[in-house]
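S.K.: Handing you this structure, nothing more for now.
Only the coordinates and a few stated rules stand behind these numbers; no lab work does. Here the structure is a predicted model, which means the values were calculated and not measured. Here the Cβ positions follow ideal geometry from the backbone for every residue, glycine too, while neighbour counts run over all protein chains shown.
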Ligand SMILES: C[S@@+](CC[C@H](N)C(=O)[O-])C[C@H]1O[C@@H](n2cnc3c(N)ncnc32)[C@H](O)[C@@H]1O
């Protein structure tokens, strides 16, 4: 079995978050500057058809099932390179202008998130940026319920170590700004632009 069950995953995303989920992700990526873009954990590839085709995208995905789907979706798109590897052990052969983590970092503990950032900052070009697209840490009762259910679902699909929604300010990074995304009584989505800490 892959990291996720593709059908189950697609159904959940469509039902709970709707089409705007990928529209928002693609919009914020499209608005960033940079020719070489890395997307970590792209999942089922819901954003692919919405991305501008004037740059190169490298998609690193651990799940075999998702990677196969990504390869199918991009077989006629020369801008896309699909890498079926674990981000932690993957050795990049190039540097990037933009690294995107779409709903990825929450799967990991704070320590693992710090390791991810440490690795990421080394693969950025000068002035390279990191974009985190994710749920905001829950505040209301309904938001807490949503996040609890989400973690229950993820744990039932495969083992994950994370326990809470990413809070970029708690990491050793500089948050440049953030963009408000989808909102519902159950969740708020945000994109954070982050750059490496000044030496
Ligand atoms: C919560 S899903 C988000 C998927 C997609 N970005 C979206 O917005 O629907 C996290 C994704 O990260 C992938 N993933 C988990 N651990 C990974 C790792 N160590 N390296 C690369 N991808 C990983 C999973 O297979 C999954 O596709």
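S.K.: For the range 6-195, what is the percent of antiparallel DSSP beta bridges, rounded to the nearest 5?
M.R.: Numbers: 13 of 31 bridges.
Around 40 percent of the beta bridges assigned by DSSP in the range 6-195 are antiparallel ones.
S.K.: Computed on alpha carbon atoms, what radius of gyration and Dmax characterise the range 6-195, expressed in Å?
M.R.: In Å, with Rg to one decimal and Dmax whole: 15.6, 45.
S.K.: Moving on. Run the helix sum for the chain: -39,500 (n - 2.57) per DSSP H stretch of 4+ residues, divided by residue count, reported at 222 nm to the nearest 500 deg cm²/dmol. Spell out each step's value before the answer.
M.R.: Numbers: 5 runs with 63 residues, N = 199.
Per the formula, -10000 deg cm²/dmol.
S.K.: Among 99, 16, 194, what is the fewest-to-most ranking by other Cβ atoms within 10 Å? Show your work: numbers first, answer last.
M.R.: Numbers: 99 28, 16 15, 194 23.
In order of increasing Cβ crowding within 10 Å: 16, 194, 99.
S.K.: Still on this structure: Over the Cα atoms of the range 26-107, Rg to Rh with Kirkwood Rh, two decimal places?
M.R.: Values: Rg = 11.7 Å, Rh = 12.8 Å.
Taking Rg over the Kirkwood Rh, I get 0.92.
S.K.: Okay, moving on. Among 184, 156, rank each residue by its count of other Cβ atoms within 10 Å, from fewest to most, as a rough exposure measure. Walk me through the numbers on the way to the answer.
M.R.: Working: 184 13, 156 9.
Going from least to most buried by this count: 156, 184.
S.K.: Could I ask something else about it? How far, in nm, would the chain grow between residue 94 and residue 174 when pulled straight, counting 0.36 nm per residue and subtracting the alpha carbon separation?
M.R.: On the way: separation 80, 0.36 × 80 = 28.80 nm, distance 2.33 nm.
Gain on stretching residue 94 to residue 174: 26.5 nm.
S.K.: Also, quick follow-up: Fewest first, what order do 36, 85 take by the number of other Cβ atoms within 10 Å?
M.R.: Numbers: 36 18, 85 14.
Fewest to most other Cβ atoms nearby, the residues stand as 85, 36.
S.K.: Tell me the Kirkwood radius of the range 104-199: reciprocal of the mean inverse pair distance over distinct alpha-carbon atoms, in Å. Walk me through the intermediate numbers first.
M.R.: On the way: mean 1/r = 0.0698 Å⁻¹.
Its Kirkwood hydrodynamic radius stands at 14.3 Å.
S.K.: Moving on to the next point. Between residue 79 and residue 50, with labels modelled 7 Å along Cα→Cβ, what's the label distance in nm to one decimal, could you check?
M.R.: 1.5
S.K.: How far apart, in nm, are the 7 Å Cα→Cβ label points at residue 149 and residue 125?
M.R.: In this crude spin-label approximation the distance works out to 4.2 nm.
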